[in-house]
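Structure, as structure tokens:
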Amino acid sequence: LTANEILLQEGDGSPLNVVEIGAGSGSFAIDLFMAAKKQNRDISSLDYHGIEPTSFMRNNYEANIESRIGKGEYPTSWTIDEGSLEGFIPDCRKYCKTGKRNILAFSGTAHHVYSSSMKAFLEDESIKKEFDSIYILDVTERHGYTKPYYMWADCESPECFDNVLLRGIWQRSVLWEVPNDVVKGYDNLTNSWIRCTRLS
């Protein structure tokens, strides 16, 4: 789903509070802003709060927004903060706002997350109760390929292909890898790009 599709599904005009887990450097926030403009939606009725564990992504948020939208138009109340899926689960209520429909978007790639954390997130009753709509924006299954297979140097979670591959039967093939360039501290993992083809 794109932000445009989400806003169309939430199209009754109610004020929305959109919380995004895995916000990166603001790509979904930009998409959300553009979609609201396209649909002539009142931006003041739309709140956004991104949660991103990686400092590099957070530090590039404002520059990325400015390069895509320009200065001055983007709401200063729309923020991105440090946080993780693991931290969000027990503390989800603090991100909700009264008087608005609370929308949750998970845009982190599922194989970047501990399988136990992903399972806890999908099964958590408090999250289901507090948020009016929940959207999972992972694109691995649709596009049929994965991101580099490595251990994140600046994040909590190892990549876990079981989170996405358990949905069906997949065939994996290495497209290319950086020779002799293992991620520091993890000698058994190389920087590899892997294509996954869904068989069933």
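When GLU62 is tested against (1) surrounded by 15 or more Cβ atoms within 10 Å (Cβ to Cβ); (2) farther than 17 Å from ILE127 by Cβ, only condition (1) is not met.
Just to be sure, is SER115 of a type in the set (S, T, N, Q), buried (at least 19 other Cβ atoms within 10 Å of the Cβ) and closer than 30 Å to LEU199 by Cβ? Taking the combined requirement at face value, the residue does not satisfy it. Out of PHE88, PHE56, one residue alone is among the hydrophobic types (A, V, I, L, M, F, W, C) and within 23 Å of ASP132 (Cα to Cα). It is PHE88. Taking (1) of a type in the set (Val, Ile, Thr); (2) open to solvent by 10 Å² or more (accessible area, probe 1.4 Å); (3) touching a strand residue (DSSP E or B) at 6+ places or on another chain (Cβ under 9 Å) in turn, THR2 satisfies each apart from (3).
The values are calculated or read from the model by the stated rules, or taken from the named source; none is laboratory data. Only a predicted model underlies this, so the values are computations on that prediction, with no experimental measurement involved. Backbone-built Cβ (ideal geometry, glycine too); neighbour counts: all protein chains shown. Note: areas computed on protein heavy atoms with side chains; ligands, DNA, RNA excluded. Shrake-Rupley method; radii C 1.70, N 1.55, O 1.52, S 1.80 Å.
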